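The values are calculated or read from the model by the stated rules, or taken from the named source; none is laboratory data. Given the structure is predicted, the values throughout are model-derived calculations rather than measurements. Note that each Cβ is placed from the backbone with ideal geometry, even for glycine, and that neighbours are counted across all protein chains shown. We work out accessible area using only protein heavy atoms, side chains counted, and drop any ligands, DNA or RNA first. Shrake-Rupley method; radii C 1.70, N 1.55, O 1.52, S 1.80 Å.
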Amino acid sequence: MGVSAKIAPSMLSSDFANLASEAHRMLSCGADWLHMDIMDGHFVPNLTIGAPVIQSLRKHTTAYLDCHLMVTNPLDYVEPLGKAGASGFTFHVEVSKENWQELVQQIKSKGMRPGVSLKPGTPIEEVFPLIEGENPVEMVLVMTVEPGFGGQKFMPETMEKVRVLRKKYPTLDIEVDGGLGPSTIDVAAAAGANCIVAGSSVFGASEPAQVISLLRKKVEEAQQNS
Ligand code: DX5
Ligand code: ZN
């Protein structure tokens, strides 16, 4: 039995002016998680949402809010996001080399699930210590585009990192994010990804439920064949 499929529409592609109804729409279409892209305009050249928006959305849903922190100082966000009701807190390894142990411990102490993400150019070896440490992260998010914007083209060369991770850690949650949709899911699922973030392919579809169900089916099939 492999890891379970989690399909996480990226709310970055939603209508932010109608966030609660967009969240309900995705959940009714079969989403497992809601992926929330938090940016600071510094780690990435874009600015999106922060803890106040998570807090507002939390009042409208009990769903798992999978927060992806594209920020330079993730430690500053732990307490506010914990209070706001975030579920997962995934920080970037590129900015956490010195303090990831403290970060993971703080994230857990606020009742959130810690994850680590890496940009396409960052070697996979950099996350090994965070998975193998005494207080490990529980998910690795392999970026399949440069972080910052939705609607970019999937980078197939990032799949080698997913393959390496899956071979080494058979039960780890491995998330992929960027350019995922019906035309790229096969390669990601075969490499071993089980948590699939999808923004434009889901929100841009006339039938988002069909896209979500296809993504799930492909992950489940790949897991059965592994
Ligand atoms: C990009 C974000 C993604 C983005 C994915 O920096 O981390 O979550 O919303 O969007 P698509 O699926 O359109 O590439
Ligand atoms: Zn993301």
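So, in the range 162-180, how many residues would count as being within 16 Å of ligand 2 (Cβ to nearest atom) and either modelled with pLDDT under 95 or not hydrophobic (A, V, I, L, M, F, W, C) (or both)? Steps first, please.
Within the range 162-180, the subset within 16 Å of ligand 2 (Cβ to nearest atom) is 162, 173-180.
Filter once more, keeping what is either modelled with pLDDT under 95 or not hydrophobic (A, V, I, L, M, F, W, C) (or both): 173, 175, 177-179.
Summing the residues that are within 16 Å of ligand 2 (Cβ to nearest atom) and either modelled with pLDDT under 95 or not hydrophobic (A, V, I, L, M, F, W, C) (or both) in the range 162-180 gives 5.
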Open item on the list: Looking at the range 181-210 only, could you name the residues that are assigned to a helix (DSSP H, G or I) and more than 14 Å from ligand 2 (Cβ to nearest atom)?
Closed with: I185, D186, V187, A188, A189, A190, A191, P208, A209, Q210
Open item on the list: Quick check on the range 137-157: of everything there that is in contact (Cβ under 8 Å) with a residue 60 or more places away in the chain and open to solvent by less than 10 Å² (accessible area, probe 1.4 Å), which residue is nearest to G199 (Cα to Cα)?
Closed with: G148
TODO: List the number of the failed condition for E79; all other conditions in (1) surrounded by 19 or more Cβ atoms within 10 Å (Cβ to Cβ); (2) farther than 30 Å from E221 by Cα; (3) out of contact with any strand residue (DSSP E or B) (no Cβ under 8 Å at 6 or more places or on another chain) hold.
DONE: (1)
Open item on the list: Between A17, A5, A31, which is open to solvent by 10 Å² or more (accessible area, probe 1.4 Å), within 14 Å of the chain's Cα centre (by Cα) and more than 24 Å from P136 (Cα to Cα)?
Closed with: A31
TODO: Output the number of residues of the range 158-184 satisfying the condition of being touching a residue at least 60 places away in the same chain (Cβ under 8 Å), of a type in the set (A, V, I, L, M) and under 22 Å from S201 (Cα atoms).
DONE: 1
Open item on the list: Could you check the range 41-87 and list, in sequence order, the residues that are among the polar types (S, T, N, Q) and either under 16 Å from the mean Cα position of the chain (by Cα) or away from ligand 1 (no atom under 16 Å from the Cβ) (or both)?
Closed with: T48, Q55, S56, T61, T62, N73, S87
Task: Which numbered condition G192 misses (of (1) within 12 Å of ligand 1 (Cβ to nearest atom); (2) open to solvent by less than 10 Å² (accessible area, probe 1.4 Å); (3) at positive phi) - done: (1)
Open item on the list: Can you report the number of residues in the range 53-76 which are surrounded by 14 or more Cβ atoms within 10 Å (Cβ to Cβ) and farther than 24 Å from M143 by Cβ?
Closed with: 4
Open item on the list: Can you tell me how many residues within the range 137-149 are assigned to a loop (DSSP other than H, G, I, E, B) and within 16 Å of ligand 1 (Cβ to nearest atom)?
Closed with: 6
Task: Lone unmet requirement of (1) within 16 Å of R58 (Cα to Cα); (2) in contact with a Phe, Trp or Tyr (Cβ under 6 Å, 6 or more places away or on another chain) for I107 - done: (1)
Open item on the list: Quick check on K167: is it over 18 Å from the mean Cα position of the chain (by Cα), in a helix (DSSP H, G or I) and of a type in the set (K, R)?
Closed with: yes
TODO: Give just the number: which of (1) within 16 Å of ligand 1 (Cβ to nearest atom); (2) crowded, with 18+ Cβ neighbours inside 10 Å; (3) under 16 Å from the mean Cα position of the chain (by Cα) does V127 not satisfy?
DONE: (1)
